[in-house]
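The values are calculated or read from the model by the stated rules, or taken from the named source; none is laboratory data. Being a predicted model, the structure only gives us computed values, none of them experimental. Counting neighbours? That spans all protein chains shown, and the Cβs are built from the backbone with ideal geometry, glycine included.
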Amino acid sequence: MTIRRIFSSFPLLATIVGNDVLALTNSAPAKISQLTIGSNFVRVQLKSMTEMEGCSQQQYYILDIADNKNSAMLSASLVIRSMGSTVIIQSDGCLNGYSLISHIYY
């Protein structure tokens, strides 16, 4: 089991393992204001965006759906948006300049 898997549920994780830095960042709690769905990724915009990961694009977070392992997060995002629930987005790196979504807490 990897260190990332063991600690992935802890908010605002910043752990140093040997010479490697493992840093995940979280957004502030907010409602989803917009979803745009493409063939390979979903852009998620919260009503209050938090700058994360130092990515060049900060107006959306991005969910990679090219890999089917994220289909559950896509489904959950649609339900959360329709219910108007508050979420926290956890990011791990950048994709296409946007913060890459690794977890959605609601």
Out of region 64-80, which residues are under 12 Å from the mean Cα position of the chain (by Cα), of a type outside the set (Ser, Thr, Tyr) and in a helix (DSSP H, G or I)?
Asn70, Met73, Leu74
Lone unmet requirement of (1) in a helix (DSSP H, G or I); (2) buried (at least 18 other Cβ atoms within 10 Å of the Cβ); (3) not polar (S, T, N, Q) for Tyr61:
(1)
Could you list, ordered by first residue, the pairs with Cβ atoms under 7 Å in which the first is in region 68-91 and under 15 Å from Lys31 (Cα atoms) and the second is assigned to a helix (DSSP H, G or I), at least 6 apart or interchain?
Val87/Ile80
Scanning region 92-106 for residues that are farther than 12 Å from Lys31 by Cβ and not in a strand (DSSP E or B), the one modelled with the lowest pLDDT turns out to be Asn96
Of the residues in region 36-52, those that are surrounded by fewer than 17 Cβ atoms within 10 Å (Cβ to Cβ) and either in contact (Cβ under 8 Å) with a residue 24 or more places away in the chain or not in a strand (DSSP E or B) (or both) number 8
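Scanning region 78-94 for residues that are touching a helix residue (DSSP H, G or I) at 6+ places or on another chain (Cβ under 9 Å) and not acidic (Asp, Glu), which turns out surrounded by the most Cβ atoms within 10 Å (Cβ to Cβ)?
From region 78-94, those touching a helix residue (DSSP H, G or I) at 6+ places or on another chain (Cβ under 9 Å) are 85-87, 92; that's our starting set.
From what is left, the residues that are not acidic (Asp, Glu) are 85-87.
Numbers: Ser85: 12, Thr86: 15, Val87: 20.
For region 78-94, the residue satisfying everything is Val87.
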Give the number of residues within region 81-106 that are over 14 Å from the mean Cα position of the chain (by Cα) and among the hydrophobic types (A, V, I, L, M, F, W, C).
1
Considering only residues that are closer than 19 Å to Ser33 by Cα and touching an Asp or Glu at 6+ places or on another chain (Cβ under 7 Å), which ones fall in region 46-73?
Gln58
